[in-house]
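For reference, the structure is listed below as structure tokens.
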């Protein structure tokens, strides 16, 4: 049984922020310190903000917990929804897998400067990042999907001792029909996005595991 709190995970600090700090970041970065009357009312709590932001397609944050353990941080922003899966690695709370779902056809956004949603208001899994770390190195695998199936794979390895990194780029083509998934129906309807093993195709799992 999962529980949810409307808090933000800070990747730099590697911790979950308090409600006060989460609200402060929303005020600074989302409404740019100039909230209107409606926004001021919504900023009384992070859950009130989440309800308001969901209806207005503004950014808000959620953290899912399994018991006392934080397992995922979700950011719902204007263009996309990002699910960051969390675990303690080398004693610090870090992201080990990240999945970004686009709300709009980004080809049209960039080429025609207009926002066109996908049929049936579905989301498109456009990017997957996974991270591996040990005492010697850090490895990041990134998959970036296009609607035509063309997929770029970036494999970046950082040597901790020398602090030097190397990126290998691969290209492949996949069937992206499985990359579409329904949008959340309410401001906290994200639990279905936590089961990444049922969402990802087997060939994606081979790359990100």
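The values are calculated or read from the model by the stated rules, or taken from the named source; none is laboratory data. This structure is a prediction, so every number in the text was calculated from the model and none was measured. Neighbour counts run over all protein chains shown; Cβ positions are idealised from the backbone, glycine included.
Candidates are the residues of region 97-108 that are modelled with pLDDT under 95 and touching a strand residue (DSSP E or B) at 6+ places or on another chain (Cβ under 9 Å); the one that is nearest to residue 142 (Cα to Cα) is 106.
Would it be correct to say that residue 60 is surrounded by fewer than 20 Cβ atoms within 10 Å (Cβ to Cβ) and closer than 16 Å to residue 16 by Cα? Here the answer is no, as residue 60 does not meet what is asked. I'd like the residue in region 20-35 that is in contact with a helix residue (DSSP H, G or I) (Cβ under 9 Å, 6 or more places away or on another chain) and surrounded by 10 or more Cβ atoms within 10 Å (Cβ to Cβ) and, out of all such residues, is farthest from residue 9 (Cα to Cα). Of everything passing the filter in region 20-35, 35 is farthest from residue 9 (Cα to Cα). Taking region 126-209 and the strands (runs of 3 or more DSSP E) fully enclosed by it, the elements with 1 or more residues that are surrounded by 15 or more Cβ atoms within 10 Å (Cβ to Cβ) are at 137-145, 150-159.
Candidates in region 149-168 are the residues that are in contact with a strand residue (DSSP E or B) (Cβ under 9 Å, 6 or more places away or on another chain) and free of Cβ contacts under 8 Å to residues at least 12 places away in the same chain; of these, the one that is farthest from residue 107 (Cα to Cα) is 164.
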